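All remarks here apply to the structure that follows.
The values are calculated or read from the model by the stated rules, or taken from the named source; none is laboratory data. Given the structure is predicted, the values throughout are model-derived calculations rather than measurements. Positions of Cβ are backbone-derived with ideal geometry, glycine not excepted, and every protein chain shown enters the neighbour counts.
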Amino acid sequence: MKAILFDLDGTIHDRQTTLQRFLEDQYNKFQADMTGVDLSAFKEAFLALDQHGYVEKPIVYKELLTQFSLDVNLEPALTADYFERVAQFAVAYPDALETLQELSMSYTLGIVTNGPALLQQQVIEQLGLYWHCQSLLISEAVGLRKPDPAIFEMALAEVEASASETFFVGDHIENDVIGSRNAGLQPVLFGGKLEGVPSFSNWRVLPALAANWKPIEKQSEDSTSLLDKDEANT
């Protein structure tokens, strides 16, 4: 094993905790405009509408305001506030940063993430990941998105490693596990379980997982079979 590439949100970055912290602060900032809406309802509605970051924020806020019969003209201010400040509340999963520091002594590290370039750069900076990673690829900045194999190949070139000697660690079955496997990397699933794929939930076990990994000559399972297994586990 020469290199380890990582997803950002939901893998290194504990986005749900970050959002909980930010939304509480945003609610307090705009509380005068939130008549009849309590904090828990505001946070719960946002998280449901956000769908783990896959819904555009203007849509999220417009729907949230409509749901609570609030002034939809508040949406631009809420959206702007989100992009200006949410990264300030970013936190990593427990032991993630310490483990990355440890791994950086033995492996070349990189990040491949989908998302808005400026926001993801701010999160990366807030978490101090520039110190650990040789390659930092953000979909909007490079014009490619996971699960496109091309973005994984670009990362491999930057960390100067072949696919067969590189882990890709992520939490999303299609974007991270299937995407990296289709590019020839060894996928590792964070925060879940999937038959035939190494997985972990405690960051402290990752160094041992990498050190004890044995190369597999051929990845025999296709994307369809992995998706079938994921559905069977849900």
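Tabulated data for the structure shown
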| item | result |
| --- | --- |
| Long-range neighbours under 8 Å by Cβ, at least six apart or interchain, first residue assigned to a loop (DSSP other than H, G, I, E, B) within segment 89-107, second polar (S, T, N, Q) | Ala90/Thr18; Ala90/Gln122; Ala90/Gln126; Val91/Thr17; Val91/Thr18; Tyr93/Thr11; Asp95/Asn202 |
| Condition broken by Glu195, with the remaining ones in (1) over 13 Å from Leu5 (Cα atoms); (2) in contact with a helix residue (DSSP H, G or I) (Cβ under 8 Å, 6 or more places away or on another chain); (3) modelled with pLDDT of 95 or more satisfied | (3) |
| Hey, Val169 touching a His at 6+ places or on another chain (Cβ under 9 Å) and buried (at least 23 other Cβ atoms within 10 Å of the Cβ) or not | no |
| Test: residue in segment 148-158 that is within 14 Å of Asp9 (Cα to Cα) and touching a residue at least 12 places away in the same chain (Cβ under 8 Å) | no |
| Segment 112-137 - residue that is over 19 Å from Thr18 (Cα atoms) and either in contact (Cβ under 8 Å) with a residue 40 or more places away in the chain or in contact with a Gly (Cβ under 8 Å, 6 or more places away or on another chain) (or both) and, of those, surrounded by the fewest Cβ atoms within 10 Å (Cβ to Cβ) | Gln134 |
| Residue count for segment 57-74, restricted to those that are surrounded by fewer than 17 Cβ atoms within 10 Å (Cβ to Cβ), in a helix (DSSP H, G or I) and of a type in the set (Ser, Thr, Tyr) | 1 |
| Qualifying residue in segment 44-60 (condition: at negative phi and among the polar types (S, T, N, Q)) | no |
| Scope segment 138-148; condition surrounded by fewer than 18 Cβ atoms within 10 Å (Cβ to Cβ) and either among the polar types (S, T, N, Q) or assigned to a helix (DSSP H, G or I) (or both); matching residues | Glu140, Ala141, Val142 |
| Count of segment 17-56 residues which are surrounded by 15 or more Cβ atoms within 10 Å (Cβ to Cβ), free of Cβ contacts under 8 Å to residues at least 60 places away in the same chain and closer than 20 Å to Val91 by Cα | 9 |
